[in-house]
Amino acid sequence: MRQIGTVPDEDNAQRFEDYALTLGIKTRIEQDNGQWAVWVYEEDQLAQGRQELELFQQNPQDPRYVEAARP
């Protein structure tokens, strides 16, 4: 498991975690110095996880992320 980046708040971290799961990427989020660290479990999914996190950070309110969020 390796960290792929951080997001500023828990809501966005949870939204990304939910979205990543729809892609088959198992992640873990944890609070780290006021930010939320995003970790990917599988080494072979690191590149895709980083790319998806970068896209997410550009527009975390995009409908594809909001729709993936667990109620």
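The values are calculated or read from the model by the stated rules, or taken from the named source; none is laboratory data. These numbers were taken from a predicted model, which means no experiment stands behind them. Cβ: placed from backbone, ideal geometry, glycine included. Neighbour counts: every protein chain shown. These accessible areas exclude ligands, DNA and RNA; they are computed on the full protein's heavy atoms, side chains included. Shrake-Rupley method; radii C 1.70, N 1.55, O 1.52, S 1.80 Å.
What percentage of the solvent-accessible surface of the chain, computed with a 1.4 Å probe over protein heavy atoms, is contributed by carbon and sulfur atoms? About 43 percent, which is the carbon plus sulfur part of the accessible surface. Annotation: per residue accessible area for the chain equals 62 Å², rounded to a whole number [probe 1.4 Å, protein chains only].
The alpha-carbon atoms of the chain define a convex hull whose volume equals 74 cubic angstrom per residue. A simple count of charges around A47, restricted to other residues whose Cβ falls under 13 Å of its Cβ and scoring Lys, Arg +1 and Asp, Glu -1, yields -3.
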